Amino acid sequence: MTQGAGLAFSHEQQLIRKGNKSSFLKLRRLDLRMGGQLSFMQKAIDGNYFLYSDQLDPVVGIIENPAVLQLSSRWFPNINAGFMFRGYRYRSEQHNTLFTLGFSFSNANQPNESIREVAEVFKLPMRFTFHAGTTHRITNYKGVRAPAYISPQFRWDSQSAFRLNLHSVGAYFSKGYYTGMFFQYNFPNANNAGNLPVANNFLFKNTTTLIFNAGVDLKSVFDLHQTWKRRKSGIVLGFTYDVNLTGLTSNNTLGVLEFNLRMNFDSGGPRDCGEIGNFELYGGKCPVRF
């Protein structure tokens, strides 16, 4: 059992405002977003029916009474923090790019979460995450009612002093709906394994996965009598399917299927689905947001 409470905060600072053109990078806008979270947590095991292997007999079954465990950690603080740059590069109305670049740190203070003796220390390893992505308009001609976008993305998660690494790389395609494919793989650093558990060559048996996802704004689909800019939006139905290639392969599992439903209750004003610099994919001014 894990219980706790926390407080999160964030701040956005505009570094380059719309209209301030940069002659070198041609930036129309650049924002810096910063955030943090401070929480206090406690982990515990509380049960009266724990069985160990030496309590079982192959003939008579249970030979001893089940064990009773009531263990808990102290309340410990946990700190998460991160920042992200988001900018808009403009070359022309049909050639513009939205980009993001961010870093985050989870368990930055590496708290002691041991549930055994007070003197024993078990630190929760810090996790470092780097993510980057761009969004490009790929319908480079005028008069397009529903512009198409492609959004390559990359994410790298590393934990326990860069000993365990997880990479995700792929792209979204959006045009009134969205679809995407990602490849997720582990790249363990065996030369720096330290005291990590390596039973049965654990570090080299992580799962490699193909991730497929898609979604559509239901309001936009059924609002057929309106032009694209005037169509309603706000109910996005999506799904994700993970196909395991190594580790937990199809011999062990059929993969993971997830459905998600997002609703936006803000009616908003008129949409502007022209330049990508209006941040319509994130601000909710056009159908389908991801």
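The values are calculated or read from the model by the stated rules, or taken from the named source; none is laboratory data. Here the structure is a predicted model, which means the values were calculated and not measured. FYI the Cβ positions are ideal-geometry reconstructions off the backbone, even for glycines, and counts take in every protein chain you see. With ligands, DNA and RNA removed, areas are computed over all heavy atoms of the protein, side chains included. Shrake-Rupley method; radii C 1.70, N 1.55, O 1.52, S 1.80 Å.
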Only strands (runs of 3 or more DSSP E) wholly contained in the stretch 1-112 count here; list those with 3 or more residues that are modelled with pLDDT of 85 or more and hydrophobic (A, V, I, L, M, F, W, C). 2-16, 27-50, 76-92, 95-106
When the residues of the stretch 59-101 are filtered to those that are out of contact with any helix residue (DSSP H, G or I) (no Cβ under 7 Å at 6 or more places or on another chain), farther than 30 Å from ARG17 by Cβ and among the aliphatic types (A, V, I, L, M), which remaining residue is surrounded by the fewest Cβ atoms within 10 Å (Cβ to Cβ)? VAL59
Name, by its number, the condition in (1) assigned to a loop (DSSP other than H, G, I, E, B); (2) at pLDDT 80 or above that does not hold for THR135. (1)
Would you confirm whether any residue within the stretch 196-204 is modelled with pLDDT under 80, under 22 Å from THR253 (Cα atoms), among the β-branched types (Val, Ile, Thr) and open to solvent by 30 Å² or more (accessible area, probe 1.4 Å)? no
